[in-house]
Structure formats: C-alpha cells, structure tokens
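Some notes on the structure that comes next.
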Amino acid sequence: MNDDELFADEVWTEGRDEDVTDGLLDELRQAAAILDPVPAELRRVAVEAYALRDLDARLAELTFDSLVDAIPVRGVTDAPRMLTFRSGDVTVDVEVSGHGLLGQVLPPQPASIEVLGGPQLASRTTLTADDMGRFTSDAPPAGPFALRLRTGGEVVVTEWLRA
C-alpha cells in the first residue's frame, strides 16, 4: 500500500471507527446469542451473584475447617463439619451436619444471618441469632453456601464453601 492509499484509507475511516466497532460488536453479540446462547440457569445465577454483592460487607476469613485442620476420630463416619470464620472482632462458629446448621456469633450479640445457596438452592434462608449470638437451622445447606451476617450496622460475608 502506497502513501496515497494509506491516507485515503485513514480519511475514509476517520470518524467512523466507533460506528464500525459498535456495529461489529452488535453483530458479534447477535451471532453469539444465536450460536452459543448463555444457559438460562447460568444467567440467573450470575444476576443473583451480582445482586448479592455488598460494598460495605467485610469478608470473613475461614480460620478453621475440621475437614482440613482436625484430627480424624477412628470409627466416626458422619462427624459434623466445624467451621470458624473471622472478620475483625467478629467470629462465627458453625457446625454443619445432615441435620442442619448450629452456630454462634462472637462476641455474643443478636444478628440476622442469611444462608446463601448456590445454583441448586434458589432460595435464601434467614436465621436470627439470639442475644447470646446462637442460631440454628433444621435445613442443611445443599451445594455451595455462604453466610451473610448483619450485626447492628455491620455486614460480614463468609467465604463460599461446599457443604
């Protein structure tokens, strides 16, 4: 390509780059929607995950998991899973078993706890911790789950784990 052709090409596309790019992106989106559509379940989970974000929430780090940190007891086949999460001054101890959840918020205080489920559980379970920080649920989590605690003006979200 000589200099005149290069200059003519630049003049022709000047001011049209955005229109060409936007049009091309629209055509690519349409082609992807037809040829490789996003599954409805994945779209729903993605929208729910985005809706769950809480910019003021602090992430509670998993500091103890009995599957990793505990010494197994011989002969025990269905031991409950013990979890400890910590974020700043707030600690959450949770026992997960086939019978449900049993936990406590430390320091002891009333709190609202949401059990967030993965794609298998579309609903959220809301629990209430009493003045001693204790809470229970008769429904064990199925699949990935996390806890969102609201204690006064503070929001704490645990890491996601598989039950």
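The values are calculated or read from the model by the stated rules, or taken from the named source; none is laboratory data. Here the structure is a predicted model, which means the values were calculated and not measured. Quick reminder, even Gly has a Cβ in these numbers, built from the backbone with ideal geometry, and neighbours come from all protein chains shown. For accessibility, only protein heavy atoms count, side chains too; no ligands or nucleic acids. Shrake-Rupley method; radii C 1.70, N 1.55, O 1.52, S 1.80 Å.
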Subject >> helices (runs of 4 or more DSSP H) (entirely within segment 1-62) containing at least 2 residues that are modelled with pLDDT of 75 or more, under 30 Å from Leu83 (Cα atoms) and within 14 Å of the chain's Cα centre (by Cα) >> reply: 40-52
Subject >> Residues located in segment 98-116, provided they are over 24 Å from the mean Cα position of the chain (by Cα) and among the polar types (S, T, N, Q) >> reply: Gln109
**OP:** Go through segment 131-148 and give me each residue that's part of a strand (DSSP E or B) and open to solvent by 60 Å² or more (accessible area, probe 1.4 Å).
**Re:** Arg134, Thr136
Subject >> Selection within segment 104-125 - modelled with pLDDT under 90, surrounded by 17 or more Cβ atoms within 10 Å (Cβ to Cβ) and either small (Gly, Ala, Ser) or touching a His at 6+ places or on another chain (Cβ under 9 Å) (or both) >> reply: Gly117, Gly118
Subject >> Selection status of Gly98, at pLDDT below 90, open to solvent by 50 Å² or more (accessible area, probe 1.4 Å), out of contact with any helix residue (DSSP H, G or I) (no Cβ under 8 Å at 6 or more places or on another chain) and not charged (D, E, K, R) >> reply: yes
Original post:
Is one or more of the residues making up segment 73-87 open to solvent by 60 Å² or more (accessible area, probe 1.4 Å), closer than 24 Å to Gly153 by Cβ and at pLDDT 85 or above?
Top reply: yes
**OP:** Only one of these is out of contact with any helix residue (DSSP H, G or I) (no Cβ under 6 Å at 6 or more places or on another chain), hydroxyl-bearing (Ser, Thr, Tyr) and open to solvent by less than 20 Å² (accessible area, probe 1.4 Å): Thr151, Thr128. Name it.
**Re:** Thr151
